[in-house]
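Notes to accompany the following structure.
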Amino acid sequence: MAGETLRSALVVLVVLVLSLEVCLAGITVKVTPSVDVIKGETARLPCSYTTTDSSAPTVVKWFIENQGSRKRVAFRSSTDSGVDKDTPLAGRVIIESDMTLVISQTNVEDQRSFYCQASGPVGVKEEETKLKVFFAPEKPVVSGHDQTILIQGGDSSSQVGTCTSNNGHPQPRIIWYKDAVPLPEVTDTKEKTYMVPRVVRESSGLYTVSSSLYVQLTKADAKSVFHCTVEYTMPNGMVKKESSDKFSLTLHYAAEKAMFTLLNSGSIKEGDDVQLKCETDGNPQPKFEMTSEGKPLENINGLLVLKSVNRSNSGTYNCEALDFDALDPSALTKSVTINVHYLDPVSIAPAGPLTVKKGTAVEVQCQTKSPDQYTLVWTKDNKELSKTGVLSLETVTLASAGEYVCTASVPSVPGLQKTANITIRVEGAPEIEAPKKAEVQKEGDPVNFECSALGYPAPQFTWKPSGKESVRVEGHKTISKISLAATGSVLKDGVICEVSNSHGSDSKKFQVEIKTENAADDGRVETQQGGSSGVVIAVVVCVLLLLLLVASLYCLSKKGKLPCSKKRKMEVSGDGNNANIVMTETGEKEKQNEGSGLLNKQQV
């Protein structure tokens, strides 16, 4: 009985083991859940499997869903492999030894689910891979935006343009922008701004998308800038955008008001060019009529130019915009008043030129007229002489001769000024300016002299000795220049310049010298000489110190004050006499021997 029970238990145990092996037996398959590829490139779909019975044959098959049914495209086993020919992938697909399905020249129809199935004696298992195909769309192009749009008020919206982007996958998205701000994607035609989107699937399977933008436009939209972008996805979840060219709208609308503006800045004076501009807030600009004191004025597109104005151009100017669509024509008439500042020509009394005698008094006055406050200033050689308009010279000299200028100015109007001048001649004996010393390198060199003299009538020149002469006039000054050789007599006595006219004469002597060495060079020479002297003194001092040392040593040796531990010699060379001094010292033992010898001699 016990044996049968044991036998039954063993049978149950065997059945349990066999059942466990059946439960654990089977196949597992591993794939990449999603694979991305760009249209035209090669897609790789990996697949691997594991089995509990590696000795049993296993077959891997790839399937697709085609027209509602599953269809095999490729298979591989340890002994065989193949590709099915009656599938959409025929000629473009292979299955590699590691069970990877490779699809070349992918197209958008390849975007579907692929199933990798492994089957064998221990079971069947499959997993799904989704292939996604991407293709970047073309740059978006806007059409219909170049027409003229008439704004007449009301609540209607006008078509701004249509944005189109061709051949993208998956389906792209169009976004509209106004002044760089994205517009909400509204498709309700009752809104002021809305879009009408369209999608076309091409025979290639790619998508062409378009969007028409409608906006309730105002005058301000004439300055707005519009564009659109196409937004699309690429492999690995990347989102990209590409923009169209930017554009503005041509809007026509009636004028509501006119503006008449003086373009000149600051005050206007006689001789200026004046510009007046008339324009409206409408588009396009209408024609304009301009008048002054009832007389029509010619303008070009609302621009009136008055060339070289004078005081008669002062007054009121009117402009009328001829826009017959305007609701209030009276608002299209404007006026501008201009005031032309002026200054009468300056007059001088008495009129010049004036010829006066040296030592007399002169008084000259200048005058002008202007509606504005003005000043009168007399100057000579840019030096201010009077601010009253009256020039008074109590006692004139030859230097008083010259040109005097009276300048009239209006300080409140920059640039408004007039000038007049008068020439005053002073009669008198000529006067020579202080002569300048001339220099030459050596005797016989050429030398130039200039003799400058004031006086009226113009003086005559005489040079002693004479040379090659030239005469010029600078203002009221007469200048004579001669060139001659610096002879010994010229170097000694100089050159005399004499001037004379009907009122008298004057003369001056011009000296000539030979140039000496440059002072800087002299300084360098003295410095070098000083340096050489210092070197000689240093050498002499060193020699004296050396001789003093030798003498000291000799005296000490004679007095026996030098140590005598051993015999030694000292040689001292003197540079002065090239003499050698040799000193010999003896030790104590030699001195004792000498002493004993002397005693012996005395005893004998």
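To keep it simple, each residue is scored yes or no on (1) within 30 Å of VAL340 (Cα to Cα); (2) at pLDDT below 95; (3) among the small types (Gly, Ala, Ser).
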| site | (1), (2), (3) |
| --- | --- |
| ASP381 | no, yes, no |
| GLY389 | yes, yes, yes |
| LEU393 | no, yes, no |
| SER400 | no, yes, yes |
| ALA429 | no, yes, yes |
| ALA434 | no, yes, yes |
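Would you confirm, using the coordinates I've provided, whether LEU217 is aliphatic (A, V, I, L, M) and closer than 21 Å to ASP110 by Cβ?
On the way: aliphatic (A, V, I, L, M): yes; closer than 21 Å to ASP110 by Cβ: no.
Answer is no for this residue.
Report whether or not PRO57 is crowded, with 20+ Cβ neighbours inside 10 Å, touching a residue at least 60 places away in the same chain (Cβ under 8 Å) and of a type outside the set (Asp, Glu).
Considered against the rule, which asks whether it is crowded, with 20+ Cβ neighbours inside 10 Å, touching a residue at least 60 places away in the same chain (Cβ under 8 Å) and of a type outside the set (Asp, Glu), PRO57 comes out as no.
Right, SER386: closer than 29 Å to GLN417 by Cα, in contact with a strand residue (DSSP E or B) (Cβ under 7 Å, 6 or more places away or on another chain) and small (Gly, Ala, Ser) or not?
yes
Out of GLU450, GLU469, report the one residue that is at pLDDT below 95, within 56 Å of the chain's Cα centre (by Cα) and not assigned by TED's automatic domain parsing to the domain that holds LYS358.
GLU450
What are the residue pairs meeting all of these: first residue in segment 79-93, first residue surrounded by fewer than 15 Cβ atoms within 10 Å (Cβ to Cβ), second residue not in a loop (DSSP other than H, G, I, E, B), Cβ atoms under 6 Å, and 6 or more apart or on different chains?
Close Cβ pairs satisfying both conditions: GLY82/PHE75.
Just give me the residues in segment 140-150 being crowded, with 18+ Cβ neighbours inside 10 Å and in a loop (DSSP other than H, G, I, E, B), in sequence order.
PRO140, HIS145
Go through segment 462-518 and give me each residue that's surrounded by 15 or more Cβ atoms within 10 Å (Cβ to Cβ), more than 25 Å from THR397 (Cα to Cα) and acidic (Asp, Glu).
Correct list: GLU469 only.
With the requirement that a residue be within 60 Å of the chain's Cα centre (by Cα) and part of a loop (DSSP other than H, G, I, E, B), what does segment 74-125 give you?
ARG92, THR100, SER104, GLN105, THR106, ASN107, GLN111, ARG112
Between a first residue in segment 16-35 that is farther than 15 Å from GLY123 by Cα and a second residue that is at pLDDT 95 or above and part of a loop (DSSP other than H, G, I, E, B), which pairs have beta carbons less than 6 Å apart while being 6 or more apart in sequence or on different chains?
What qualifies is THR32/PRO46.
I'd like to check which strands (runs of 3 or more DSSP E) are fully inside segment 252-307 and have at least 3 residues that are under 30 Å from ASP221 (Cα atoms) and β-branched (Val, Ile, Thr).
Where strands (runs of 3 or more DSSP E) fall fully within segment 252-307, none carries at least 3 residues being under 30 Å from ASP221 (Cα atoms) and β-branched (Val, Ile, Thr).
Can you tell me which residue in segment 231-241 is surrounded by the most Cβ atoms within 10 Å (Cβ to Cβ), limited to those that are within 12 Å of ARG173 (Cβ to Cβ) and of a type outside the set (Phe, Trp, Tyr)?
THR233
Looking only at residues in segment 151-182 that are closer than 30 Å to GLU256 by Cβ and buried (at least 16 other Cβ atoms within 10 Å of the Cβ), which one is farthest from the chain's Cα centre (by Cα)?
Residue satisfying both the conditions and the ranking: SER157.
The values are calculated or read from the model by the stated rules, or taken from the named source; none is laboratory data. Treat the numbers as computed from the prediction; the structure is a model and nothing was measured. Neighbour counts run over all protein chains shown; Cβ positions are idealised from the backbone, glycine included.
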